[in-house]
Amino acid sequence: MADRMTAAVLYGKEDLKIEQVPIPKIQPDEVLVRVRTALTCGTDLKVYRQGYHARMIVPPAIFGHELSGEIERIGSDVQGFHVGMRVVAANSAPCGECRYCLRDRANLCDNLLFNNGAYAEFIKIPGPIVRQNLLEIPEHISFTDAALVEPLACVLRGFEQSHVRPDDSVLVIGMGPIGLMFVRLARLRGAHVIAVGKRDSQLTAAKRMGADVVVNAGKGGDIAEEVRSKTPDHAGADIAIEAVGTPQTWELAFQTMRRGGTVNCFGGCPSGSSVRLDTSLLHYSEISLHATFHHTPAYIRKALECISRGDIRATDLITGQEPLTRLPDLMRDMVNRNGNIKTAIIP
């Protein structure tokens, strides 16, 4: 094997270059994975637009975090894996020792280790991820389906924390890949699902994923009132899941609530943002507020099981396939909202 590889290196704000870089060298507790599929996502787009992520990636650095592939090299201390094994790796691992890990809140780990580098021919998987969040891909699952594990793990955790029941009216705001996965899970739970998006292509996808009703927010008007009118008794949603990440859509979610409802603010807003909430509504209607961040090793496994059952498939979300060399152009197109939901990058 050569000692260099093709990779997408992020240098700063909207500054992404395809370069030849050294293939990572591994330590005894690490593995080297040949990337077969990497997926674009909203988080990568945010990082591309702002040029960094304080916790996940500081440039210059190889970009990307949703991937699947085959083990190319294996460290001498690694057990349970072998060269050639088809695997999916999460983008992080908790320490297992801090206050949060010991209280089953590993997503908030004080020492959460992040790993980037999916947009490359090879990626090094650090020891903590190998031990906790590197999984073998079952034979019947494609590389592209397996690469959905990381975002789906986050969605599954958010969905379970929203406590959706079969007779609930569930509102999902934002029809990117995350919102569409929430729509599918709510449909599988037997809920009445209302999807809010801004583009016709997204709303078409929402119907395909199981939404009972769609609302086009791009047309303006009183979106909250329109959503309430779409609930079975016009009283509002039992559960609202915000999957955009703006103060305006957080506030919209609250405005759609029936008494006793729950809002899950899943989409992360820009740093320094604030929202205005009606305190009377929050108090006298007993509206519950929840926010979900990241995943845990348990949900990485639940996500792979969900994909194995066929509940979520790549074909539901992926609107294209591109070679790695096209990634800078693709990111520029995504900034301009080209309508793609998710693209499979093939190194």
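I need the full set of residues from segment 277-297 which are loosely packed, with under 14 Cβ neighbours inside 10 Å, touching a residue at least 40 places away in the same chain (Cβ under 8 Å) and out of contact with any Gly (no Cβ under 9 Å at 6 or more places or on another chain), in order please.
Of everything in segment 277-297, nothing turns out to be loosely packed, with under 14 Cβ neighbours inside 10 Å, touching a residue at least 40 places away in the same chain (Cβ under 8 Å) and out of contact with any Gly (no Cβ under 9 Å at 6 or more places or on another chain).
Find all pairs meeting these conditions: Cβ atoms under 9 angstrom apart; at least six residues apart or on different chains; first residue within segment 249-272 and of a type in the set (A, V, I, L, M, F, W, C); second residue surrounded by fewer than 21 Cβ atoms within 10 Å (Cβ to Cβ) and part of a strand (DSSP E or B).
These pairs meet every condition: 254/289; 263/288; 263/289; 263/290; 265/289; 265/290; 266/290.
Can you tell which of 225, 242 is acidic (Asp, Glu) and under 19 Å from residue 183 (Cβ atoms)?
Numbers: 225 fails: under 19 Å from residue 183 (Cβ atoms).
Of the residues listed, the single one that is acidic (Asp, Glu) and under 19 Å from residue 183 (Cβ atoms) is 242.
Of the numbered conditions (1) in contact (Cβ under 8 Å) with a residue 40 or more places away in the chain; (2) more than 16 Å from residue 184 (Cα to Cα), residue 202 satisfies every one except a single condition; which is it?
Among (1) in contact (Cβ under 8 Å) with a residue 40 or more places away in the chain; (2) more than 16 Å from residue 184 (Cα to Cα), residue 202 violates only (2).
What is the one condition in (1) assigned to a loop (DSSP other than H, G, I, E, B); (2) hydroxyl-bearing (Ser, Thr, Tyr); (3) surrounded by 14 or more Cβ atoms within 10 Å (Cβ to Cβ) that residue 271 does not satisfy?
Single failed check for residue 271: (3).
For segment 225-247, check the following and say yes or no: at least one residue is of a type in the set (Asp, Glu), at pLDDT below 95 and either touching a Leu at 6+ places or on another chain (Cβ under 9 Å) or outside any helix (DSSP H, G or I) (or both).
Kept after step one, since they are of a type in the set (Asp, Glu), are these residues of segment 225-247: 225-226, 233, 238, 242.
Among the residues that remain, those that are also at pLDDT below 95 are: 233.
Checking which are either touching a Leu at 6+ places or on another chain (Cβ under 9 Å) or outside any helix (DSSP H, G or I) (or both) leaves us with 233.
Yes, that holds for at least one residue.
For segment 134-191, please list each of the helices (runs of 4 or more DSSP H) lying entirely inside it that holds at least 3 residues being of a type outside the set (Phe, Trp, Tyr), more than 22 Å from residue 257 (Cα to Cα) and within 15 Å of the chain's Cα centre (by Cα).
Per the criteria, 143-146, 149-162.
This table checks each residue for (1) outside the structural domain of residue 44 (by TED's automatic domain parsing); (2) surrounded by fewer than 20 Cβ atoms within 10 Å (Cβ to Cβ); (3) modelled with pLDDT of 95 or more.
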site: 57; (1), (2), (3): no, no, no
site: 73; (1), (2), (3): no, yes, yes
site: 94; (1), (2), (3): no, no, yes
site: 97; (1), (2), (3): no, yes, yes
site: 105; (1), (2), (3): no, yes, yes
site: 112; (1), (2), (3): no, yes, yes
site: 137; (1), (2), (3): no, no, yes
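Might you let me know whether segment 220-231 holds any residue that is closer than 14 Å to residue 170 by Cα and in contact (Cβ under 8 Å) with a residue 40 or more places away in the chain?
yes
Out of the residues in segment 183-204 that are among the hydrophobic types (A, V, I, L, M, F, W, C) and out of contact with any helix residue (DSSP H, G or I) (no Cβ under 6 Å at 6 or more places or on another chain), which is surrounded by the fewest Cβ atoms within 10 Å (Cβ to Cβ)? Steps first, answer last, please.
So in segment 183-204, the residues among the hydrophobic types (A, V, I, L, M, F, W, C) come out as 183, 185-186, 188, 191, 193-196, 203.
After this cut, where a residue has to be out of contact with any helix residue (DSSP H, G or I) (no Cβ under 6 Å at 6 or more places or on another chain) as well, the list is 186, 188, 191, 203.
Details: 186: 29, 188: 16, 191: 23, 203: 20.
That would be 188.
Return the residues of segment 313-347 that are under 15 Å from residue 143 (Cβ atoms) and β-branched (Val, Ile, Thr); say none if nothing qualifies.
Across segment 313-347, the qualifying residues are 315, 318, 343, 345, 346.
Out of all the residues in segment 310-325, which are outside any helix (DSSP H, G or I), over 30 Å from residue 20 (Cα atoms), out of contact with any Pro (no Cβ under 7 Å at 6 or more places or on another chain) and in contact (Cβ under 8 Å) with a residue 24 or more places away in the chain? Let's see the steps before the verdict.
Restricting attention to segment 310-325, the residues satisfying the condition of being outside any helix (DSSP H, G or I) are 310-313, 317-323.
Those still in the list that are over 30 Å from residue 20 (Cα atoms) too: 310-313, 317.
Subsequent filtering for residues that are out of contact with any Pro (no Cβ under 7 Å at 6 or more places or on another chain) retains 310-313.
Passing the criteria: 311, 312, 313.
Identify, from the list 313, 309, the residue that is in contact with an Asp or Glu (Cβ under 7 Å, 6 or more places away or on another chain) and within 17 Å of residue 153 (Cα to Cα). Steps first, answer last, please.
Values: 309 fails: in contact with an Asp or Glu (Cβ under 7 Å, 6 or more places away or on another chain).
None of the others qualify; the one that does is 313.
Within the group 263, 275, 244, which residue is of a type outside the set (Ser, Thr, Tyr) and over 25 Å from residue 341 (Cβ atoms)?
Numbers: 263 fails: over 25 Å from residue 341 (Cβ atoms); 244 fails: over 25 Å from residue 341 (Cβ atoms).
On inspection, the qualifying residue turns out to be 275.
Please enumerate the residues belonging to segment 22-71 that are in contact with a helix residue (DSSP H, G or I) (Cβ under 8 Å, 6 or more places away or on another chain), of a type in the set (Ser, Thr, Tyr) and either assigned to a helix (DSSP H, G or I) or more than 16 Å from residue 318 (Cα to Cα) (or both).
48
The values are calculated or read from the model by the stated rules, or taken from the named source; none is laboratory data. Since the structure is predicted, the reported quantities are computational estimates derived from the model, not experimental observations. Here the Cβ is made from the backbone with ideal geometry for all residues, glycine too, and neighbour counts use every protein chain on show.
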